[in-house]
């Protein structure tokens, strides 16, 4: 049974899709975590600003601006890194899907060729039977078209 999953159709494509899903989940967690860290820093800075409002308000406003700027930069960097990883995984997914689709198409073409060869052999071995079946089918088709 362990080999069954290794040889199942589109295994690489399924793995790529799973990897892409995991990357999206990881990206959401990382972005959420980064935002939470920066939100906590902004909260702490705002609390400090409220305490020292009279004398150092300008300093704290500058700290809040810097914290917001850092948050935006970090969030952008995190999102960009995850987007690049997802892009690579998506390319891998499409490549594997294309390769596996081609392999399936070749298999179907081979099976179709076998069916055609089998039909040719049958017609060669029993030509009168085939002519009789064709006449009967044509007759029934003609009858059905009259009504």
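The values are calculated or read from the model by the stated rules, or taken from the named source; none is laboratory data. On a predicted model such as this, the values are computed, not experimentally measured, just so you know. Here Cβ is always computed from backbone atoms with ideal geometry, including for glycine, and neighbour counts include all displayed protein chains.
Brief remarks follow.
- Residues that are surrounded by 13 or more Cβ atoms within 10 Å (Cβ to Cβ) and under 13 Å from residue 89 (Cβ atoms) within segment 10-21 comprise 12, 13, 14, 15, 16, 17, 19, 20, listed in sequence order.
- Scan segment 89-106 for residues that are exposed (fewer than 13 other Cβ atoms within 10 Å of the Cβ) and closer than 16 Å to residue 26 by Cβ and the total you get is 0.
- Test result for residue 61, more than 30 Å from the chain's Cα centre (by Cα), surrounded by 11 or more Cβ atoms within 10 Å (Cβ to Cβ) and at pLDDT below 90: yes
- For the residues 74, 117, 70, the requirement of being modelled with pLDDT of 90 or more, more than 30 Å from residue 13 (Cβ to Cβ) and assigned to a helix (DSSP H, G or I) singles out 117.
- Checked against (1) in contact (Cβ under 8 Å) with a residue 24 or more places away in the chain; (2) surrounded by fewer than 15 Cβ atoms within 10 Å (Cβ to Cβ), residue 32 meets all criteria but (1).
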